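Colleague: Right, I'll just put the structure down here and ask away after.
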Amino acid sequence: MADKKLVEQITSMDEDFAQWYTDIVKKAELADYSGVRGCMVIRPYGYAIWENIQKNLDAIFKKTGHENVCMPMFIPESLLQKEKDHVEGFAPEVAWVTHGGQEELAERLCVRPTSETLFCDHYSNVIQSYRDLPKLYNQWVSVVRWEKTSRPFLRSVEFLWQEGHTAHATAEEAQEETLRMLNVYADFCRDYLAIPVVMGQKTDKERFAGAKATYTIESLMHDGKALQSGTSHNFGDGFAKAFNIQYSNKDNKLEYVHQTSWGMSTRIIGAIIMVHGDDNGLILPPNIAPVQVVIVPVAMHKPGVLDRANALKEELENAGLRVKIDASDKMPGWKFAEYEMKGVPVRIEIGPRDIENNQCMSARRDNGEKAAISLDGVADSVKALLADIHNNMLAKATKLRDEKTYTATNFDEFTSIAENKPGFIKAMWCGDTECEEAIKDKTAVTSRCIPFEQEHIADTCVHCGKKATKMVYWGKAY
RNA sequence: CGGGGUUUAGCGCAGUUUGGUAGCGCACCUGGUUUGGGACCAGGGGGCCGGGGGUUCAAGUCCCUCAACCCCGACCA
């Protein structure tokens, strides 16, 4: 009975994955559509997830020596145009401000789609000496890209993210920083979001506009589509030359700085939904779940039940856990389903029978297991349970990804996998962009990355048969 | 940006064919009984029928127009 009602609320992911995703976003109250095309309202529960992501990532950035700043939201057209590749990459999707009040502006302003040009302009002002380097800046802001089609979290016209921008004295330091931050993202996905990723370098075709090299972490969704979950770029000295960011070295010679940038956005919330969720709703990784434990008192009108439940809440909170107690007069069964839909990792039921036995009942969201827990030392038990849930979620997601990762040695195999088995395809590539484009035209599959962990699958390119230089992860992507 | 669909109470929908008092289910509010997997009884509140313009004595319904959202493509970091 309960299952039937749940199915009425959330479309099964096998039936219609896109609708399943939309249902979860709406039913779990993560976001709502707004009156502005392509923009969304991030609701308290969804924003709380972002705040937890932000809080933890920011703490890591602080540890790695980065400082937060805030750049303007507007970019003068002339500034945006200083780096040729960069402006060409973003031109189709920038929003322009042409008027201030009734007055037409002498120079129109672009609403930032990303802030490289702003950081560069600033760096050219504040960097003079090698003593000023490195500059390790980050900002948490929203950006605007005039997307034609949008989906909540995955692609919206305005979205929240962080963008790190650094300037270094040498190419080596910049490259080190680029990879260091890519690793930060990969570790964050594993340790906080329970999402396994493939790390690697983007091909020239997929490289960020204006970058020398772009690195990525790619994750795999339940439907077998890939999601670029974070990127880190090495700009070399290209932007420095365009924006004239020079410093005096120890020998009093002028040199250009070497720069990086790296970002992770609210898109990662889409990944959390699509990597972990099931037909009953969200499943949130404990480390970023706004509510880690929900307490449902049973028969709470009976004497002592609510008091004991509140005492339990306090005990868990004092142990540093994020706890909610639902003492509303809804039926317990309703509450069970509700918090399952919202992905709360652990539910605790406590009723007269439990109190009599000095215990409570736990139910974990990831696998549905129920168990009696002694009220003595309950905080430690719950912490251990949350840790186990995290590990299990990571293991499950890793298994799913591995099961959906295929190998193709020739183009027939490749085409067949692309058509019938959504997932990553590992295949050799010659390194030519024309070949990569041909693959995309024929199969709708794009290169996701050239993984750091290379395997030798074959000697020749999966498409053209020429000598292969790289093993590439391919896939259909969000 | 193309092709299709949708828009009526917070949510899901009927009503549009044939113009004539704005409906249903859930949710919400009040009171009571309930409480270990989405309770029940009784009473109650809530609508610029997506926006604008037209036709008509009369428009949710017919005509024009604009917009938002969904699905499939194209495009895309």
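The values are calculated or read from the model by the stated rules, or taken from the named source; none is laboratory data. No experiment lies behind these values; they were computed from the predicted model shown. Cβ: placed from backbone, ideal geometry, glycine included. Neighbour counts: every protein chain shown. The protein model used for the area step is the full one, side chains on, heavy atoms only, and it has no ligands, DNA or RNA in it. Shrake-Rupley method; radii C 1.70, N 1.55, O 1.52, S 1.80 Å.
Colleague: For a quick check of your reading of the model, give me the residue pairs whose first member lies in the stretch A:44-58 and is closer than 16 Å to A:Ala28 by Cβ, whose second is small (Gly, Ala, Ser) and surrounded by fewer than 17 Cβ atoms within 10 Å (Cβ to Cβ), with beta-carbon atoms closer than 9 Å and at least 6 apart or on different chains.
Modeller: Here the result reads none, with nothing in the stretch A:44-58 linked to a residue that is small (Gly, Ala, Ser) and surrounded by fewer than 17 Cβ atoms within 10 Å (Cβ to Cβ).
Colleague: While we're looking at this one, here's another question. Taking the criterion of being within 11 Å of RNA strand B (Cβ to nearest atom) and not basic (Lys, Arg), would at least one residue in the stretch A:117-137 satisfy it?
Modeller: So far as the stretch A:117-137 goes, yes, one or more of its residues are within 11 Å of RNA strand B (Cβ to nearest atom) and not basic (Lys, Arg).
Colleague: A follow-up question, please. Return the residue satisfying two criteria in turn: it lies in the stretch A:205-220 and is more than 11 Å from RNA strand B (Cβ to nearest atom) and not in a loop (DSSP other than H, G, I, E, B), and of such residues it is farthest from A:Trp474 (Cα to Cα).
Modeller: Once the filter is applied, the top-ranked residue is A:Ala213.
Colleague: Return the residues of the stretch A:436-478 that are part of a strand (DSSP E or B), open to solvent by less than 40 Å² (accessible area, probe 1.4 Å), among the β-branched types (Val, Ile, Thr) and away from RNA strand B (no atom under 14 Å from the Cβ); say none if nothing qualifies.
Modeller: The answer is A:Ile450, A:Val472.
Matching residues to (1) of a type outside the set (Val, Ile, Thr); (2) open to solvent by less than 10 Å² (accessible area, probe 1.4 Å); (3) more than 19 Å from A:Ala395 (Cβ to Cβ):
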position: A:His276; (1), (2), (3): yes, no, no
position: A:Leu284; (1), (2), (3): yes, yes, no
position: A:Asn287; (1), (2), (3): yes, no, no
position: A:Val296; (1), (2), (3): no, yes, yes
position: A:His301; (1), (2), (3): yes, no, yes
position: A:Leu306; (1), (2), (3): yes, no, yes
position: A:Ala311; (1), (2), (3): yes, no, yes
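Colleague: Return the total of residues in the stretch A:311-346 being of a type in the set (Lys, Arg) and touching a helix residue (DSSP H, G or I) at 6+ places or on another chain (Cβ under 6 Å).
Modeller: So the count comes out to 0.
Colleague: Scanning the stretch A:21-46 for residues that are out of contact with any Asp or Glu (no Cβ under 9 Å at 6 or more places or on another chain), within 21 Å of A:Gly343 (Cα to Cα) and of a type in the set (Gly, Ala, Ser), which turns out surrounded by the most Cβ atoms within 10 Å (Cβ to Cβ)?
Modeller: A:Ala28
Colleague: Looking at this structure, is A:Thr22 under 18 Å from the mean Cα position of the chain (by Cα), among the polar types (S, T, N, Q) and on the phi < 0 side of the Ramachandran plot?
Modeller: yes
Colleague: Exactly one of (1) under 23 Å from A:Asn280 (Cβ atoms); (2) open to solvent by 20 Å² or more (accessible area, probe 1.4 Å) is unmet by A:Ile49. Its number?
Modeller: The failed condition is (2).
Yes or no, residue by residue, for (1) β-branched (Val, Ile, Thr); (2) more than 17 Å from A:Lys404 (Cα to Cα); (3) modelled with pLDDT of 95 or more; (4) not assigned by TED's automatic domain parsing to the domain that holds A:Ser416:
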| residue | (1), (2), (3), (4) |
| --- | --- |
| A:Glu434 | no, yes, no, no |
| A:Cys449 | no, no, yes, no |
| A:Asp459 | no, yes, yes, no |
| A:Lys467 | no, yes, yes, no |
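Colleague: Among strands (runs of 3 or more DSSP E) lying entirely in the stretch A:329-435, which contain 3 or more residues that are within 16 Å of RNA strand B (Cβ to nearest atom) and open to solvent by 40 Å² or more (accessible area, probe 1.4 Å)?
Modeller: Per the criteria, A:370-374.
Colleague: Would you pick out the residues in the stretch A:230-268 that are under 18 Å from A:Ala211 (Cα atoms), open to solvent by 10 Å² or more (accessible area, probe 1.4 Å), within 11 Å of RNA strand B (Cβ to nearest atom) and among the hydroxyl-bearing types (Ser, Thr, Tyr)?
Modeller: Passing the criteria: only A:Thr231.
Colleague: Restricting attention to the stretch A:138-164, report how many residues are within 22 Å of A:Val25 (Cα to Cα), more than 10 Å from RNA strand B (Cβ to nearest atom) and of a type in the set (Gly, Ala, Ser).
Modeller: Of the residues in that region, 1 qualify.
Colleague: Taking strands (runs of 3 or more DSSP E) that fall entirely within the stretch A:83-186, which contain at least 2 residues that are open to solvent by 60 Å² or more (accessible area, probe 1.4 Å) and modelled with pLDDT under 95?
Modeller: In the stretch A:83-186, the matching strands (runs of 3 or more DSSP E) lie at A:95-100, A:103-111.
Colleague: Given the conditions (1) surrounded by fewer than 20 Cβ atoms within 10 Å (Cβ to Cβ); (2) basic (Lys, Arg); (3) within 13 Å of RNA strand B (Cβ to nearest atom), and given that A:Lys202 satisfies all but one, which numbered condition is not satisfied?
Modeller: (1)
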